[in-house]
Structure formats: C-alpha cells, structure tokens
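Read through the structure below, which is laid out as structure tokens, and then see the notes.
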Amino acid sequence: MRYLLPSFLIALLISCSSYPKKQGFIKAESPQQQVKNPYFSDVSKDYVYKAAIEAFDKNFGGIFIVKKLAANQHRVVFTTEMGNKIFDFSFLEDEFKVNYILPQLDKKILINILKTDFRVLLSEEHCIEKGFKTNSNFLYETRIGAKKYYSHITENELQKIVRVKNAKEKVEFLFSEINDNIAEHIQVIHQNFKLKITLKAI
C-alpha cells in the first residue's frame, strides 16, 4: 500500500497536468499578439485540393476548392471529380450558409462539425491568450469561437492547430509541405468522432 499510494498520486498529477506541460512546453512571454494563419488568405488564389473525407463510415473523394471572396468571406466547395457537388458552404464573418449538401451528409451534427472545422481553417488571425515555448518551438493558446485551441509554430510556420479538452487532443489540424504560404498537405483528424479530412494540393 505504501508504494501504491505514491504511484497513484503521481499518475493523478500527470493526468491532471495541462496540455502545454504534457507537450513539454513551459510558459513564456509571447513575442506577438496574434497567430497568423496564411493558408487561405489570398483573394487572388483559388485553393484547389484533391480531397478524401471519411464520415459516418462513408468515404467521399473528389476536389475541394476554397475561394477567399473578400475580408472574412470564403466559399468552400467539395465536388466529385466529375464535378457533381457534395457540399457547398459560404462563410461571412460569423455567418454560415449551406448552399448545398448531399442528402447522405445532411445531418445537423455533421454540418455543425464541418462548420467549426472549416472556420478554424479559414480564420486568419487568432488572438493569443497565453504563450509557451520549448527550444525554438512556440505554442499559443487561443480561442476560435467559444472553444480553446493551441497553435504549434515551428520556424515561424503554423504547423498544427489542436482543439483541447481536459488536456487531451480532440481535433488536430495538421499543415505540412508548406510553400509560399500554401499548405500543400492538410489533415483534420477527430479523436472522438468518426471524421477525417485529407487534402492534397493539385
């Protein structure tokens, strides 16, 4: 028993530790006020990806297009490779509109999750609440809407955004193959919901 209790207390302390501590970060003054997300920020570009979406044990493949129309205004369209729409969403400030969605995907819970996920991808500035650091890597605690997120910055590039609850990762947004402010490979992975989005620039 005398060995069991300290082990239990250590395990409890680890499980209750914050997300930054679990990731090996220590609190540090932030050198900036906002995290910049440049990946869908250019009005002159059409962002076109080959996409795979796994949702509700169904797989959808096709072309994913994001167009920035004006400040804080985007259109997101996912079609089959033959050009048939799977979904078509509009984002303007805090407003969201479903222009079309395939009946198989027309479920309120899925639409709300996609709305939240895409708002994270499209949001260009995230106000920093707390900053953390390890070596040359920075971690910033931000809020997008009402939810807490952490942005991982390596070599001045946004490489990961994570939604966290109880110090555990719930949703990961992964950016890689970054070139000229374009993330050519993007993944959105849900840990507690059967939804995964994979985007590859074409």
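The values are calculated or read from the model by the stated rules, or taken from the named source; none is laboratory data. Remember, predicted model here, so these are calculated numbers, not experimental data. A quick note on method: Cβ atoms are made from the backbone with ideal geometry, for glycine too, and the neighbour counts reach across all protein chains shown. Each accessible area value is taken on the protein alone, full model and side chains, heavy atoms only, with ligands, DNA and RNA left out. Shrake-Rupley method; radii C 1.70, N 1.55, O 1.52, S 1.80 Å.
Just a few scattered comments:
- Positions within the stretch 58-101 being part of a loop (DSSP other than H, G, I, E, B), free of Cβ contacts under 8 Å to residues at least 12 places away in the same chain and within 24 Å of G145 (Cα to Cα), in sequence order: A71, D94
- Subset of the stretch 33-44 [of a type outside the set (V, I, T), in contact (Cβ under 8 Å) with a residue 60 or more places away in the chain and either in contact with a helix residue (DSSP H, G or I) (Cβ under 7 Å, 6 or more places away or on another chain) or under 30 Å from K200 (Cβ atoms) (or both)]: Q34, K36, N37, P38, Y39, F40, S41, D42
- Condition check for H126: more than 22 Å from E54 (Cα to Cα) and open to solvent by 20 Å² or more (accessible area, probe 1.4 Å): no
- Within the stretch 51-91, being basic (K, R), under 18 Å from the mean Cα position of the chain (by Cα) and open to solvent by 70 Å² or more (accessible area, probe 1.4 Å) holds for one residue alone: R75.
- Identity of the residue in the stretch 165-201, in contact (Cβ under 8 Å) with a residue 24 or more places away in the chain, out of contact with any Asp or Glu (no Cβ under 9 Å at 6 or more places or on another chain) and not in a strand (DSSP E or B), that ends up most open to solvent (accessible area, probe 1.4 Å): F193
- Odd one out for P6, checked against (1) in a loop (DSSP other than H, G, I, E, B); (2) modelled with pLDDT under 95: (1)
- Considering residues of the stretch 129-164 that are open to solvent by less than 50 Å² (accessible area, probe 1.4 Å) and of a type in the set (G, A, S) only, the residue modelled with the highest pLDDT: S151
- Selection count, the stretch 20-50, where residues are among the hydroxyl-bearing types (S, T, Y), assigned to a loop (DSSP other than H, G, I, E, B) and open to solvent by less than 90 Å² (accessible area, probe 1.4 Å): 3
- Of the criteria (1) within 26 Å of R75 (Cα to Cα); (2) over 12 Å from the mean Cα position of the chain (by Cα); (3) part of a strand (DSSP E or B); (4) among the aliphatic types (A, V, I, L, M), which one V162 fails: (2)
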